[in-house]
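Single-structure report; data block below.
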Amino acid sequence: MTAPRPLHLVFMGVSGSGKSTVARAVQQRLGWEMAEGDDFHPPENVAKMSQGTPLTDADRWGWLESLADWTAERDARDEPTVLACSALRRAYRDVLRRGGEGTFFVHCTGDKHMLLERMNARDHFMPPSLLESQLDTLEPLAPDEAGMDVDPALPVDRLAAMVLARLGLG
Ligand SMILES: Nc1ncnc2c1ncn2[C@@H]1O[C@H](COP(=O)(O)OP(=O)(O)OP(=O)(O)O)[C@@H](O)[C@H]1O
Ligand SMILES: O=C(O)[C@H](O)[C@@H](O)[C@H](O)[C@H](O)CO
């Protein structure tokens with residue numbers, strides 16, 4: 001029997017959906033290395049978003065490749081990882097899946113009203129005006145993609161426990 005590959009948990013969703021918050025909660029429970037996708041954006045992407053202009057596919061490919069490379073490096077060392085990354089389209093997730101066979105997506109969903117409220121309440125470069133384009137771009141997980149949906153209206157502790165339970169890590 002072949003040894004199981006390390007797990008790579010990717011917390012995905014539109015801006016304000018809580019992916020970074022839930023990813024961090026899970027990371028703290030598991031102690032795995034975590035990357036924040038926002039930290040990998042080139043300055044041009046951050047400048048664009050800050051000015052209220054949505055990113056295009058062309059803006060995202062290099063960024064996604066750098067995240068897949070980060071994961072692949074750890075996969076090669078048999079190390080599991082946690083990543084927070086919007087991963088809005090299936091084609092984007094295809095790039096991230098190149099990081100390792102054990103890639104599993106946790107989609108933080110949430111209704112638009114709640115997302116807007118949360119975006120308005122925080123201090124962040126991503127303006128709430130970009131939520132609409134994020135929702136237009138979003139392609140939810142298809143049944144054949146390894147992953148699960150979670151509702152970010154629930155408390156963070158509960159969400160982290162649900163993810164761990166689903167993966168048999170709780
Ligand atoms: N389950 C939750 N319950 C209550 N508040 C939450 C929950 N999850 C996240 N939040 C709050 O909602 C806001 C957005 O969360 P967070 O920054 O994690 O979202 P995000 O998806 O990473 O957004 P972005 O991609 O724009 O950085 C934050 O202020 C965070 O504290
Ligand atoms: O794919 C994208 O459009 C981006 O990753 C955005 O989702 C932002 O980085 C994030 O929401 C801000 O934190």
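The values are calculated or read from the model by the stated rules, or taken from the named source; none is laboratory data. Note that this is a predicted model, so its numbers are computed, not measured. With ideal geometry, Cβ positions are generated from the backbone for all residues, glycine too; neighbour counts draw on all protein chains shown. For accessibility, only protein heavy atoms count, side chains too; no ligands or nucleic acids. Shrake-Rupley method; radii C 1.70, N 1.55, O 1.52, S 1.80 Å.
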Every residue from region 57-85 that is touching an Asp or Glu at 6+ places or on another chain (Cβ under 9 Å), within 14 Å of ligand 1 (Cβ to nearest atom) and not β-branched (V, I, T): L83, A84, C85
Which residue is nearest to ligand 2 (Cβ to nearest atom), if the candidates are limited to region 123-149 and must be outside any loop (DSSP other than H, G, I, E, B) and in contact with a Ser or Thr (Cβ under 7 Å, 6 or more places away or on another chain)? Q134
Before we move on, is P54 part of a loop (DSSP other than H, G, I, E, B) and within 13 Å of ligand 1 (Cβ to nearest atom)? yes
Select from region 88-113 the residues that are over 29 Å from S129 (Cβ atoms), outside any helix (DSSP H, G or I), open to solvent by 30 Å² or more (accessible area, probe 1.4 Å) and not acidic (D, E) and list them in ascending order. R98
Considering only residues that are closer than 21 Å to G102 by Cα and more than 10 Å from the chain's Cα centre (by Cα), look in region 5-21 and name the one that is nearest to ligand 2 (Cβ to nearest atom). H8
State whether one or more residues within region 50-68 are among the β-branched types (V, I, T) and farther than 29 Å from L167 by Cα. yes
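The rows are residues; the columns are (1) of a type in the set (V, I, T); (2) touching a Pro at 6+ places or on another chain (Cβ under 7 Å); (3) modelled with pLDDT of 95 or more.
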position	(1), (2), (3)
E79	no, yes, yes
V82	yes, no, yes
C85	no, no, yes
D94	no, no, yes
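For region 37-51, give me the residue count where each residue is in a helix (DSSP H, G or I) and within 19 Å of D136 (Cβ to Cβ).
Selection size over region 37-51: 3.
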Is one or more of the residues making up region 29-36 within 13 Å of ligand 2 (Cβ to nearest atom), acidic (D, E) and part of a helix (DSSP H, G or I)? no
Of (1) within 14 Å of the chain's Cα centre (by Cα); (2) crowded, with 22+ Cβ neighbours inside 10 Å; (3) farther than 20 Å from G16 by Cβ, C85 fails just (3)
Looking across region 72-82 at residues that are open to solvent by 10 Å² or more (accessible area, probe 1.4 Å) and either in contact with a helix residue (DSSP H, G or I) (Cβ under 8 Å, 6 or more places away or on another chain) or in contact (Cβ under 8 Å) with a residue 24 or more places away in the chain (or both), the single one that is farthest from ligand 2 (Cβ to nearest atom) is D78
Would you confirm whether any residue within region 20-42 is within 17 Å of F125 (Cα to Cα) and exposed (fewer than 13 other Cβ atoms within 10 Å of the Cβ)? yes
